[in-house]
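Below is one structure, written out as structure tokens; comments come after it.
The values are calculated or read from the model by the stated rules, or taken from the named source; none is laboratory data. Bear in mind that the values here come from a model prediction, so they are computed numbers and not experimental data. Quick reminder, even Gly has a Cβ in these numbers, built from the backbone with ideal geometry, and neighbours come from all protein chains shown. Heads up: the accessible areas ignore ligands, DNA and RNA and are worked out on the full protein's heavy atoms, side chains in. Shrake-Rupley method; radii C 1.70, N 1.55, O 1.52, S 1.80 Å.
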Amino acid sequence: EAGVVQSPRYKIIEKKQPVAFWCNPISGHNTLYWYLQNLGQGPELLIRYENEEAVDDSQLPKDRFSAERLKGVDSTLKIQPAELGDSAVHLCASSSNLASNEQFFGPGTRLTVL
Amino acid sequence: AQTVTQSQPEMSVQEAETVTLSCTYDTSESNYYLFWYKQPPSRQMILVIRQEAYKQQNATENRFSVNFQKAAKSFSLKISDSQLGDTAMYFCAFMGPYGNKLVFGAGTILRVKS
């Protein structure tokens, strides 16, 4: 079984540029999460999807971050414009249903903003 | 809001020895879930072990076991017969009764030395 796939793995951009990250969850997983992991810290939830609906986006900085999960499968997280403080690892995770509790993580996208 | 505290930023252990990683948390919930995740260098996060708060028996997975003290809100991870492949960042995480999101601690870097 394929795991959670994320691309790109690494991205370097200049500040004020836009950037997008893509996530393909494990097949059949209806719940998808985007987490932000700053250097030396634990991940923090940005947004959670149940199928195509964003059910928890309270921690998403909506002035510059946006996300979508069209058709309830793949998801894209976008930052526009990027700031120096956005340098971090963006993690995607998925789970099959809330009762299982286990979240499966992708390898992450390491963003560097210059 | 729930918080998770890992007071040991770094730990070292000799190969084949036993090491214990500490974790405390704060919550007003009576039912919840606790996790230990492992994040090897430049690799994706994987679940090590899970504990349901309503279960008194401590969870065990091969060389990994937990000491769950609900009253003290403590959840430590014991790794027996440490192996070089155990070198990683270890995160303690909390999930509330509705299984909506993981709240992570800051992590403990574990280095296993030969």
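Which net charge results when you count Lys and Arg as +1 and Asp and Glu as -1 among the other residues whose beta-carbon is under 12 Å from that of A:Ile79? That sum, taken over residues with Cβ under 12 Å, equals +3.
Within chain A, the longest segment free of exposed loop sites, counting trypsin sites (Lys or Arg not before Pro) that fall outside DSSP classes H, G, I, E and B and have at most 15 other Cβ atoms within 10 Å, spans A:65-114. Annotation for region B:57-111: chymotrypsin sites (Phe, Trp or Tyr not before Pro) lying in DSSP loop with at most 16 further Cβ atoms inside 10 Å of their Cβ are B:Tyr98. In a DSSP loop and with at most 16 other Cβ atoms within 10 Å, the GluC sites (Glu not before Pro) in region B:19-91 are B:Glu29.
Just the protein heavy atoms count here, and of the accessible area of region A:6-114 at 1.4 Å, carbon and sulfur take up 50 percent. Look at the alpha carbon pairs under 8 Å that are at least 6 residues apart: their mean separation over the length of chain B gives a relative contact order of 38 percent. Taking other residues whose beta carbon is less than 11 angstrom from the beta carbon of A:Thr112, and scoring Lys, Arg as +1 and Asp, Glu as -1, yields +1. In region B:29-45, burial by the other protein chains removes 50 Å² or more of accessible area from B:Gln44, B:Met45, compared with the chain on its own (1.4 Å probe, ligands and nucleic acids ignored). A cut-off under 15 angstrom between Cβ atoms defines the neighbours of A:Ile13, and their net charge, with Lys, Arg +1 and Asp, Glu -1, is +4. Extension gain for B:Thr18 to B:Gln2 (0.36 nm times residue separation, less C-alpha to C-alpha distance): 2.8 nm. Under a model in which nothing but the beta-carbon of Lys, Arg (+1) and Asp, Glu (-1) is charged, chain A shows a dipole of about 440 debye around its Cα centre.
Less than 17 Å apart at the alpha-carbon level, and either on another chain or at least 8 residues along: which aspartates and glutamates does that give for B:Lys38? Here the aspartates and glutamates satisfying the reach criterion relative to B:Lys38 are A:Glu44, A:Glu102, B:Glu10, B:Glu61, B:Asp81, B:Asp86. Rounded to the nearest 20 debye, the dipole magnitude of chain B is 140 debye, with +1 charges on Lys and Arg beta carbons, -1 on Asp and Glu beta carbons, and the Cα centre as origin.
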